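Undergrad: Got a structure for you, written out below as structure tokens; questions coming shortly.
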Ligand code: GLC
Ligand code: GLC
């Protein structure tokens with residue numbers, strides 16, 4: 001089995017040891033406004049705040065070859081041209097290594113006695129990437145060689161940048177200065193932002209016109225100027241502006257040299273855009289160039305970044321007997337939760353950054369992964385999300401991060417959405433104890449004057465379900481529930497329309513969802529607990545109403561949602577069963593088994609154990625639990641997009657990793673530790689052995705791994721931006737290791753095989769810090785409550 005890399009836990013890095021990974025293995029840079037995607041060969045792009053509207057570097061998706069375009073350094077040593085990251089020239093290197101760390105990537109290449117090390121990072125709170133290039137002559141003779149930098153500018157709107165060439169090819173403008181090459185396309189008119197690529201020493205040549213630099217018919221692997229050892233010193237007018245500096249260098253044996261590049265973004269006040277007619281105001285860029293353009297400045301910025309992540313990752317850590325578990329918990333799962341929170345589903349190597357905005361349900365679920373890490377940002381996100389709700393409790397399915405406005409193209413009508421606001425808020429308050437957030441005034445649909453308290457928003461979220469019940473007293477599904485592809489009110493036979501946005505034919509529909517039913521019961525119980533807490537002390541009559549609605553739902557599920565051996569998935573438009581043994585295909589689905597067992601519906605009657613047994617029997621395969629079984633083998637108009645996927649992929653019997661933890665948590669609540677552990681190891685990348693089969697990054701979860709019916713079961717897709725990050729985090733931290741934040745303390749309630757059941761956890765919780773040694777002896781249902789008391793506590797807990 002080919003290995004492409006390994007973990008370095010002490011450094012919190014993944015080390016890639018050959019550049020030809022089965023798919024680009026990427027990392028993310030940035031923590032606030034300025035974000036970058038960078039692959040193990042330095043491919044990728046960056047943007048400020050919005051991947052669609054403020055794209056800084058151009059990127060070609062799905063290119064041939066894959067992952068073309070990025071921040072490239074070309075080295076010409078004699079007749080050999082090479083790149084430290086192997087691509088794009090692909091000249092064989094004597095040494096190659098890429099280390100993806102927390103918010104930085106370090107790529108090292110060595111060829112014929114010349115070593116080039118490039119450190120890429122985005123300093124916290126800065127709007128730039130730093131490229132720190134260190135060159136060392138490792139040979140015995142002096143070296144004369146040349147170095148070129150290269151980036152290609154995007155014309156800001158990543159969508160029109162790929163479409164509107166009759167305009168685009170005439171708009172490009174740049175300014176050339178000794179400290180930097182400035183990209184100012186459209187700055188002359190409404191834009192107040194520009195980008196620049198600067199370097200901390202005089203360059204020997206430059207280019208800003210792509211055609212001159214590359215040659216009209218050359219690719220990134222053979223730039224004309226590099227091949228001929230020159231620069232065109234071009235000033236781009238229209239066409240495709242780029243930035244490239246050239247340096248003619250010399251190094252004695254053993255000597256090193258360092259260049260620091262800053263790729264930045266500046267937004268100016270409207271009234272201070274220019275310093276002379278047509279000349280952009282460069283003051284902010286110069287400040288950045290000065291701040292980071294010295295080794296000391298770059299060192300400080302990098303140290304600040306390090307301490308940012310040290311602080312984040314010092315809040316929860318485990319020391320167990322299982323290294324795969326420790327590295328997942330201590331490093332990569334929490335890191336992925338942060339990245340997913342920052343990006344929602346916008347920009348990855350599977351999401352182009354020009355499509356969806358922030359999902360209402362997605363963003364709420366993402367909170368569960370970061371409330372313990374960046375509570376203040378979680379708070380703001382909750383308020384932003386709530387502001388996209390409608391007065392009837394429904395909500396925009398998505399909103400745009402730049403404007404925070406709901407997205408009209410997709411609208412609302414996804415009936416699980418409102419409940420996730422309760423989920424996110426409960427997670428936040430349990431972590432922080434900040435009940436005050438419930439009194440924050442939040443508008444509807446961002447309309448000033450419509451403000452009500454967040455608590456009111458939660459109430460109408462809850463009521464949105466009870467106001468929309470179907471014939472069996474179960475929640476109407478609307479456009480879709482969590483499974484965006486189970487489109488029971490869509491009936492589309494037009495290939496040119498999206499299943500998500502086609503006319504919503506819910507009028508007269510009987511389509512009900514058992515997934516929402518389970519979610520409602522689980523979140524309804526949480527909601528009642530919140531309302532009854534002395535810090536909220538809601539009207540007892542209202543609390544009783546919530547509790548009785550939950551009880552009624554449990555009753556409805558037992559009466560109409562139980563199929564004999566498992567929970568049904570749904571009723572269709574006509575009231576027909578879905579996810580029933582009566583169906584030919586799609587007899588059983590994962591979502592309702594997960595949610596109804598997490599809600600413990602019918603647990604006393606044995607329904608949860610039966611449903612979990614059925615999930616193991618019918619859904620489990622070598623690589624995890626598939627979404628449904630048997631897979632749909634043809635398109636069924638009544639079900640929609642789910643049946644559009646070939647068997648084994650995505651929502652049609654793929655291993656949709658996002659929902660595996662639902663079953664795992666259900667298993668944990670039922671005390672089935674061996675099942676919990678087995679399912680968890682299957683979907684957790686640190687445990688997977690075959691890197692070629694898995695294909696995508698071995699350090700992050702995928703949204704989907706191909707299921708048993710697919711051509712290559714076990715092949716991963718859609719890595720990084722997925723609710724899997726937050727859900728596996730919740731699963732492992734609260735249900736496997738068993739550290740459950742409560743309003744007034746921590747409940748310790750693990751579910752882990754005894755063989756791995758002794759471990760230490762370090763947990764920061766509000767103003768307290770806990771060092772726990774936990775010893776599980778296998779006693780069913782054992783738990784221990786630690787009341788919240790500020791200060792440092794060391795506890796030894798045997799369960
Ligand atoms: C994607 C969507 C999410 C949806 C899931 C299942 O991950 O982002 O909103 O719930 O697919 O369809
Ligand atoms: C597709 C995908 C689903 C995703 C949705 C978002 O339907 O299968 O996973 O949630 O698109 O628009």
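The values are calculated or read from the model by the stated rules, or taken from the named source; none is laboratory data. Note that the coordinates shown come from a computational prediction; the quantities given were computed from them, not determined experimentally. Note that we place each Cβ from the backbone using ideal geometry, even for glycine, and neighbour counts take in every protein chain shown.
Undergrad: Hey, residue 624 hits all of (1) within 16 Å of ligand 1 (Cβ to nearest atom); (2) surrounded by fewer than 24 Cβ atoms within 10 Å (Cβ to Cβ) but one; which does it fall short on?
TA: In the conditions (1) within 16 Å of ligand 1 (Cβ to nearest atom); (2) surrounded by fewer than 24 Cβ atoms within 10 Å (Cβ to Cβ), residue 624 misses (2) alone.
Undergrad: Determine which member of the set 319, 368, 376, 387 is more than 18 Å from the chain's Cα centre (by Cα), away from ligand 2 (no atom under 16 Å from the Cβ) and surrounded by 19 or more Cβ atoms within 10 Å (Cβ to Cβ).
TA: 387
Residue-wise test of (1) crowded, with 20+ Cβ neighbours inside 10 Å; (2) assigned to a loop (DSSP other than H, G, I, E, B).
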residue: 47; (1), (2): yes, no
residue: 59; (1), (2): yes, yes
residue: 66; (1), (2): no, yes
residue: 73; (1), (2): yes, no
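Undergrad: Filter region 224-270 down to residues that are over 30 Å from residue 139 (Cβ atoms), modelled with pLDDT of 95 or more and outside any strand (DSSP E or B), then give me how many there are.
TA: The number of residues fulfilling the criteria is 10.
Undergrad: Go through region 556-582 and give me each residue that's in contact with a strand residue (DSSP E or B) (Cβ under 7 Å, 6 or more places away or on another chain) and in a loop (DSSP other than H, G, I, E, B).
TA: Across region 556-582, the qualifying residues are 561, 566, 568, 569, 572, 579.
Undergrad: Quick one: would you say residue 471 is on the phi < 0 side of the Ramachandran plot, exposed (fewer than 15 other Cβ atoms within 10 Å of the Cβ) and free of Cβ contacts under 8 Å to residues at least 24 places away in the same chain?
TA: No.
Undergrad: To continue, here is another question. Could you pull out every one of the strands (runs of 3 or more DSSP E) wholly within region 165-210 that has 2 or more residues that are crowded, with 24+ Cβ neighbours inside 10 Å and at pLDDT 95 or above?
TA: 180-183, 193-199, 205-209
Undergrad: Regarding region 474-497, can at least one residue be identified that is touching a residue at least 40 places away in the same chain (Cβ under 8 Å), surrounded by 24 or more Cβ atoms within 10 Å (Cβ to Cβ), more than 16 Å from ligand 2 (Cβ to nearest atom) and part of a loop (DSSP other than H, G, I, E, B)?
TA: yes
Undergrad: Can you find a residue in region 348-357 that is more than 27 Å from residue 154 (Cβ to Cβ) and either free of Cβ contacts under 8 Å to residues at least 12 places away in the same chain or within 15 Å of ligand 1 (Cβ to nearest atom) (or both)?
TA: no
Undergrad: For the subset of region 390-420 comprising residues that are in contact with a strand residue (DSSP E or B) (Cβ under 7 Å, 6 or more places away or on another chain) and part of a helix (DSSP H, G or I), which member is farthest from ligand 2 (Cβ to nearest atom)?
TA: Checking each candidate, the answer is 418.
Undergrad: Please determine whether any residue of region 123-130 is under 19 Å from residue 266 (Cβ atoms), part of a loop (DSSP other than H, G, I, E, B) and out of contact with any helix residue (DSSP H, G or I) (no Cβ under 8 Å at 6 or more places or on another chain).
TA: There is at least one residue in region 123-130 that is under 19 Å from residue 266 (Cβ atoms), part of a loop (DSSP other than H, G, I, E, B) and out of contact with any helix residue (DSSP H, G or I) (no Cβ under 8 Å at 6 or more places or on another chain).
Undergrad: Among all residue pairs at least 6 apart or on different chains, which show Cβ distances below 8 Å where the first residue, located in region 653-671, is closer than 26 Å to residue 710 by Cα and modelled with pLDDT under 95 and the second is in a helix (DSSP H, G or I) and within 14 Å of ligand 1 (Cβ to nearest atom)?
TA: none
Undergrad: Which of the residues that make up region 444-459 are in a helix (DSSP H, G or I) and farther than 18 Å from residue 399 by Cβ?
TA: 455, 456, 458, 459
Undergrad: Still on this structure: Take region 517-550 and flag every residue that is part of a loop (DSSP other than H, G, I, E, B) and either touching a helix residue (DSSP H, G or I) at 6+ places or on another chain (Cβ under 9 Å) or under 24 Å from residue 482 (Cα atoms) (or both).
TA: Passing the criteria: 533, 535, 536, 537, 538, 539.
Undergrad: Filter region 652-676 down to the residues that are assigned to a loop (DSSP other than H, G, I, E, B) and crowded, with 24+ Cβ neighbours inside 10 Å, then identify the one that is farthest from ligand 2 (Cβ to nearest atom).
TA: 653
Undergrad: Just to be sure, is residue 242 crowded, with 23+ Cβ neighbours inside 10 Å and in contact (Cβ under 8 Å) with a residue 24 or more places away in the chain?
TA: Here the answer is yes, as residue 242 does meet what is asked.
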